[in-house]
Every structure is written in structure tokens, then in C-alpha cells.
Amino acid sequence: MMTIEHEAAGAPLLQGLWESVKSGQEEVLLSPYLPATFAFLTHILLCAPFLALDALGNVSQKVRSWRIAAGSGPPPSLRRWCDCFWRVLYRYLTAVLPATALFHTLRSPALPQMAPSCWQLFVEVLACLLLFDMLFFIWHVSLHRVPWLYRNTHYLHHQHHKPFALAAQDSGSLELLSLLLLALSSARVVGCHPLSEAVFHVFNSWLAVEDHCGYELPWALHRLLPCLGGAPYHQAHHTLHSVNFAPYFIHWDVLFGTYHGPVLYSHPE
């Protein structure tokens, strides 16, 4: 059996990080309100660079040329961003926060003493991303194929024919809650260390924001990893509705015949 000293020696940087995070913060880390609060604040912070890009797009031809719907209208206005922000905040406060607080009470009340090794963190985050991608693919297809679910939940998200970063979470309360519960459940099934779970949620939020950002950026992750669809792939979903259901990876859509290449235009709004 691996000793505590050996585990700590395997990841001194992560151990130091974990101890500094834990130090005096156990009450916060175990709070039932942390998952929803962390998810909301992470989403807002990750959207901030794209708000800046949208503002620059009004004055920079270079930035406008990166937009997937280039030539079909200006970037979303500040008013549109603000309206979206208040809708998302309202749904978090009225549905996501109380429901995830109840779900959170089912977890262990203790935090582990040791940090994960770098390899353990990598494997756990990747496993969570793959599991969440599969679960969301199934749920997303259901949202489109079950008329009641589409009309009452998913239709709200598809009002964004030209999505922008903040709109990644502009959905009905049921859908928004389901996304966070799927993410939390994925981490629970994998058996993640809390540090791995936090990294997974950050990556999960970033990929969702990047998928909806409306830009084909030179440094986008899907340019480095062809297994990811990226914003052009997800734009095809918002344009055609019946393709590209997986949130991040393309393999489920390829396997089930719902894959479609990037669509570099969208409906007028």
C-alpha cells in the first residue's frame, strides 16, 4: 500500500496547493451552496474575455473577421449581454442553487488530507469530461426529440440563432439545473478528488463558453485537438438543430450519424 509520505512526494506542488486551499476554508469547501456559486462565478469570469472581444468587434475589422457569422450583423450588444446575465442569475437563484444544495448534502462531510498526483488529476478530469459528454449527448438528443421538453425547456436556448459566450447557460431552469447535476454526478461516479473535480468544472465551463462564443479563434482548443468540435461545430447545431448534439467531442455524433461539419453562417436575428 502506498504510504502517505510517498503520495505526498509524488505531487508536492499539488499537495501545497491543496493544503493552502484547505487551510481555514473547510467550512466553505463543504458548503452546500458552493457548487452552484462556483459554477455561476466561473461561467461569468470565463465569459469576460468574450465580452471584451464583442466590444472590440465594433471597432476592429480583425476581430470581426474571427466571427463565425461575419458579415451577418454586429456582435451582440451590451444590452443583450445584460439581459442574458439577469436571466441566468434568476434561474440560478430560484432553481439551481436550492436543488444543488440538496444534492450536495449527499456527499461525504470530510475532505481528504492528501492531494491527487498529477497523473491522477489528469485521468480523473479526462474521465469526467468523457462521461459528461456521453450523458449530455443522450440528454440533448432527448431535449430535441421529446416535444414537451423542447417546447418548455430547450427552446429557450435555441432562441439564440447566433450564440455568444454568456448564452451557453441561457436555458430553461430544468435544463440549466440538469447540466450542473450531470456534471456533479459525473465527478461523483468517477470518484474524483475535490481538486480534480474543481479542475473538471473549470474545463467544463470553459468548453461550454468557447462552444457558444461565436468566434473561430486562431488559438481555439479544437484547432489543437481535432477530437473537439468547437464553436463552428456547435454553430451548426444552432443553425440546423438536428445535428451535433454532443457538447464537446465529436465521436458520439459520428457514431450515430448526427455529425455535420462547421456551418459558418446563421439565421438573421
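Each reported figure results from applying straightforward, stated rules to the coordinates on display, with no laboratory input. Here the structure is a predicted model, which is why all the values come from computation and not from measurement. Heads up, the Cβs are rebuilt from the backbone with ideal geometry, glycines too, and the neighbour counts pull from every protein chain shown.
Miscellaneous remarks
- Exposure proxy ranking, count of Cβ atoms within 10 Å, fewest first, for TRP206, TRP18: TRP206, TRP18
- Label-point separation in nm, HIS158 to LEU30, each point 7 Å along Cα→Cβ: 4.5
- Cβ-derived FRET efficiency at R0 35 Å, LEU13 paired with ARG188, nearest 0.05: 0.85
- The spacing between segment 164-191 and segment 78-102, judged by their C-alpha centroids, is 13 Å.
- Annotation for TYR90 and LEU106: the two label points, set 7 Å from Cα along the Cα-Cβ direction, are 3.0 nm apart.
- Matching label, Rg and Dmax of the Cα atoms in Å computed from the structure shown, candidates (1) 18.3, 60; (2) 17.8, 51; (3) 19.4, 62: (3)
- Fewest-first ordering of LYS22, LYS162, LYS62 by other beta carbons within 10 Å of each residue's beta carbon gives LYS62, LYS22, LYS162.
- Added length on full extension, which subtracts the Cα-Cα distance from 0.36 nm per residue, ARG79 to SER65: 2.8 nm
- Length-normalised contact order for the chain - Cα pairs under 8 Å, 6+ apart - percent: 24
- For the chain, the longest principal axis of the alpha carbon atoms and the long axis of helix 12-22 meet at an angle near 90°.
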